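The values are calculated or read from the model by the stated rules, or taken from the named source; none is laboratory data. A quick note: this is a predicted structure, and the numbers were derived from the prediction, not measured. Note that we place each Cβ from the backbone using ideal geometry, even for glycine, and neighbour counts take in every protein chain shown.
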Amino acid sequence: MMISNKKINDFHVISGSQVKIILSDMRKETIDIVAQTYLAHERGETANPDSYFLRFPDKPLNRIIALPAAILNSVGEEAVSGIKWIASYPDNIKQGIPRASAVMILNHPTTGYPYALLEGAMISAVRTAASAVLGARWLNEQRKTAASIAIIGGGVIARNIIETFSADGWSFGQVGVHDLDHSSATALSQFVESAGFRRAKILSQREALAADIVVFATSAGTPYVNGEDTFRPGQIVLNISLRDIGPEIVVQSYNFFDDISHCLKANTSPHLTEQKYQHREFITGTLAALIRGDITIKRDKPLIYSPFGMGILDLVLARIIHEVAVARDMAVAIPFFFGEESRW
């Protein structure tokens, strides 16, 4: 029997500078992309297994995380699978370089062959920011305004969240920032003004926690914000870094997630809450369920959004970026990347 050889797809590398250019043109669009991906996940049209953590016993703050994922259908024009490999080394900031670095690999849905390698840290930051702003939008009943917002943590994720709020057309009466490192707080304060908002005030932690919208974007490994009455009813808390707030706060709040089972792992604040109180009654539902109208907002408790960070979001953005990069001749083709392209 004659077997015709199928041509293996071309392999491309897309650098961080090219990724950044492409994403800068679609900052607002990423919010809707994240929303549609969450809805697809809610419908069961994705595969998003647990993240895998590589840890180092002699340096417990460092970790490298593998996030495999697949889009099975209906998101964009084609299915895709792939993985994000992202390193988090908090001490990097002492050397003036970003804490996180990452790569994305995309695999063809038919052959399984990898067809693209992309710098992934920018993709990760932008999808995280889009998820945060999407959560704020829906917890704020789709109003794009608030009297005050405070960002706790003055790094790359915070900068991208501010930029995405700006792209989405939000307005704030006051913007505050808090970081234990004064230079980081100052840099973020100046960036807030350049993003189109009034210059941010540098706040104490206590002052920051009183804002109408509080955004946690730190590298904290264990809760440092504790106390049952820390947040007031109706206050919106974007728990982006996942480990800043104590269980006694979570258990007395309405809690929304990107994926419940994922977020109740790895000693996140919700996971610690489940362990401490031995129940899940504090869970309100997913953001996708809120978008679909399956659940509604009540304001007699604080509102906390805890997105674990799903590989499907990186995957969808990476697929779109690849398509754009190839169409614009921005991707670098690697000839003969595969050593063998036929069986015989």
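When the stretch 158-200 is filtered for residues that are modelled with pLDDT under 95, touching a helix residue (DSSP H, G or I) at 6+ places or on another chain (Cβ under 8 Å) and under 23 Å from Ala220 (Cα atoms), the ones remaining, listed by number, are Asp181, Ser184, Ala200. Give the residue that is surrounded by the most Cβ atoms within 10 Å (Cβ to Cβ), with candidates limited to residues of the stretch 323-344 that are within 24 Å of the chain's Cα centre (by Cα) and aliphatic (A, V, I, L, M). Across the stretch 323-344, the extreme among qualifying residues is Ala325. Every listed requirement among (1) buried (at least 17 other Cβ atoms within 10 Å of the Cβ); (2) under 30 Å from Tyr224 (Cβ atoms); (3) modelled with pLDDT of 95 or more is met by Gln278 save one, (1).
Only one of the numbered conditions (1) surrounded by fewer than 16 Cβ atoms within 10 Å (Cβ to Cβ); (2) at pLDDT below 95 is not met by Ala220, and that is (1). Of all residues in the stretch 285-303, those satisfying the criterion of being touching a residue at least 40 places away in the same chain (Cβ under 8 Å), outside any helix (DSSP H, G or I) and not hydrophobic (A, V, I, L, M, F, W, C) are Thr286, Lys298, Arg299, Asp300, Lys301, Pro302. In the stretch 175-263, counting only strands (runs of 3 or more DSSP E) that sit wholly within it, the ones holding 1 or more residues that are over 18 Å from the mean Cα position of the chain (by Cα) and in contact (Cβ under 8 Å) with a residue 24 or more places away in the chain span 254-257. Restrict the check to the stretch 304-322 and report whether at least one residue is in contact (Cβ under 8 Å) with a residue 60 or more places away in the chain and surrounded by fewer than 16 Cβ atoms within 10 Å (Cβ to Cβ). Checking the stretch 304-322: not a single residue is in contact (Cβ under 8 Å) with a residue 60 or more places away in the chain and surrounded by fewer than 16 Cβ atoms within 10 Å (Cβ to Cβ). Look at Lys59 and say whether it is in a loop (DSSP other than H, G, I, E, B), surrounded by fewer than 19 Cβ atoms within 10 Å (Cβ to Cβ) and not polar (S, T, N, Q). For Lys59, the condition - in a loop (DSSP other than H, G, I, E, B), surrounded by fewer than 19 Cβ atoms within 10 Å (Cβ to Cβ) and not polar (S, T, N, Q) - is met.
Among the residues of the stretch 312-344, those identified as in a loop (DSSP other than H, G, I, E, B) and hydrophobic (A, V, I, L, M, F, W, C) are Met330, Ala331, Ile334, Phe336, Phe337, Phe338, Trp344.
Among the residues making up the stretch 140-170, those that are surrounded by fewer than 19 Cβ atoms within 10 Å (Cβ to Cβ), among the small types (Gly, Ala, Ser) and not in a strand (DSSP E or B) are Ser166, Gly169.
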